[in-house]
Amino acid sequence: MSGSSASSAVLAYIPSPPQGVWYVGPLALRAYALFIIVGIVVAIVWGDRRWVARGGTKGTVLDVAVWAVPFGLLGGRLYHVATDWSTYFGPGGDPVRALKVWEGGLGIWGAVLLGGVGAWIACRRRGIPLPAFGDAVGPPILLAQAIGRIGNYFNQELYGRDTTVPWGLEIYERVNDSGRIDQLTGVSTGVVEKIVHPTFLYELLWSLAVVALLIVADRRFSIGHGRLFALYVAGYCAGRFWVELMRDDYATHIAGIRINSFTSAIVFVLAVLYFVLATKGREDPASLRSVGDDRPDGNDPVDDERSGDHAPTAESDDSASSGTDAQSTSNKE
């Protein structure tokens, strides 16, 4: 009896959702899009609290997001299509699918690159330094990435090699209304095709751990001038590198190595170099105020403290060393 129970426990794998798309009349509700949107909203709300706690003007993050989010989505899609070119433009490929962002496929590297361009444009318009802005929104962006990975779970994508570990993920056969195989928009038949490593989950948990580390580092040290953002990039790249090594789905390879592994390693080195060489310390809070913010202190410290969550307590210690009283408690990692 005990042997049977042990066997059942070993085989208690993680089930995949039966579907990732629901239809309300002609309207398709896609889990992938939903979690991307939730992540963006969380990043904007928490990022603005962190920005205000550092001395910036309330509402700035939303204004910057109006530029950064569209640029980021475009960059993420372009990177995905460029590194998976044959799927869309190779033999048997369908170029039109390159436009179907809702089917999944956003490369974080392209999203950060073009999103950064959008943020740079917005920051110049508001008269604020981009590196300091990056420090405020770095942890929230990584939290948004973690939330977005839940969408990959519903899409049954970004998983690893076959496995027998107890936390293995069941990949179901899905079919559409006509009975044809449709893993993306179909509904599960209950047939388990394979058991795989849930690498999307590994990356999600790694991202949450890095978010916590960033908050602790920001609380303990006076980190500014883009160096906290560099830590976010380096931390994410370190995790993404080993996660990529566990995946065996189709991907472009260079010298037998997945292209995202190369990208992770190169970006990691660049981020570490920036962290080491960039200006130490924290910016003067007065330099973070947007054009037109003529208030003596740029914000109301009492209101900021009450509106913040626990994570930005980091800035309160560091701001004190810069001669400010702005405090905030923020902890949504």
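Assuming Trp206 fulfils every condition listed in (1) at pLDDT below 95; (2) open to solvent by 20 Å² or more (accessible area, probe 1.4 Å); (3) within 26 Å of Arg30 (Cβ to Cβ) apart from one, which condition is it?
The single condition Trp206 does not satisfy is (1).
Which of the helices (runs of 4 or more DSSP H) found entirely inside segment 19-119 contain at least 2 residues meeting this: open to solvent by 60 Å² or more (accessible area, probe 1.4 Å) and in contact (Cβ under 8 Å) with a residue 12 or more places away in the chain?
31-53, 60-83
Could you tell me which of the residues Thr163, Thr189, Thr199 is in contact (Cβ under 8 Å) with a residue 12 or more places away in the chain and open to solvent by 40 Å² or more (accessible area, probe 1.4 Å)?
Thr189
Is it true that some residue in segment 139-160 is part of a strand (DSSP E or B), within 25 Å of Leu208 (Cα to Cα) and touching a helix residue (DSSP H, G or I) at 6+ places or on another chain (Cβ under 6 Å)?
Yes, segment 139-160 contains a residue that is part of a strand (DSSP E or B), within 25 Å of Leu208 (Cα to Cα) and touching a helix residue (DSSP H, G or I) at 6+ places or on another chain (Cβ under 6 Å).
What number of residues in segment 140-153 are under 19 Å from Pro15 (Cα atoms) and open to solvent by less than 40 Å² (accessible area, probe 1.4 Å)?
Summing the residues that are under 19 Å from Pro15 (Cα atoms) and open to solvent by less than 40 Å² (accessible area, probe 1.4 Å) in segment 140-153 gives 5.
Return the total of residues in segment 217-238 being under 19 Å from Trp206 (Cβ atoms) and not hydrophobic (A, V, I, L, M, F, W, C).
4
Can you tell me which of (1) in contact (Cβ under 8 Å) with a residue 60 or more places away in the chain; (2) within 20 Å of Ala28 (Cα to Cα); (3) surrounded by fewer than 22 Cβ atoms within 10 Å (Cβ to Cβ) is the one Asp177 doesn't meet?
(1)
Can you find a residue in segment 289-298 that is farther than 23 Å from Gly127 by Cβ, assigned to a loop (DSSP other than H, G, I, E, B), in contact with a Gly (Cβ under 6 Å, 6 or more places away or on another chain) and modelled with pLDDT under 55?
no
Would you confirm whether any residue within segment 210-223 is surrounded by 15 or more Cβ atoms within 10 Å (Cβ to Cβ), not in a helix (DSSP H, G or I) and not aromatic (Phe, Trp, Tyr)?
Within segment 210-223 (the criterion being surrounded by 15 or more Cβ atoms within 10 Å (Cβ to Cβ), not in a helix (DSSP H, G or I) and not aromatic (Phe, Trp, Tyr)), the answer is yes, since at least one residue qualifies.
Test each condition in (1) modelled with pLDDT under 90; (2) out of contact with any helix residue (DSSP H, G or I) (no Cβ under 8 Å at 6 or more places or on another chain); (3) part of a helix (DSSP H, G or I) for Asp249 and report the one that comes out false.
Of (1) modelled with pLDDT under 90; (2) out of contact with any helix residue (DSSP H, G or I) (no Cβ under 8 Å at 6 or more places or on another chain); (3) part of a helix (DSSP H, G or I), only one is false for Asp249: (3).
The values are calculated or read from the model by the stated rules, or taken from the named source; none is laboratory data. For clarity, every value in this text was computed on a predicted model and none was experimentally measured. Note that we place each Cβ from the backbone using ideal geometry, even for glycine, and neighbour counts take in every protein chain shown. For accessibility, only protein heavy atoms count, side chains too; no ligands or nucleic acids. Shrake-Rupley method; radii C 1.70, N 1.55, O 1.52, S 1.80 Å.
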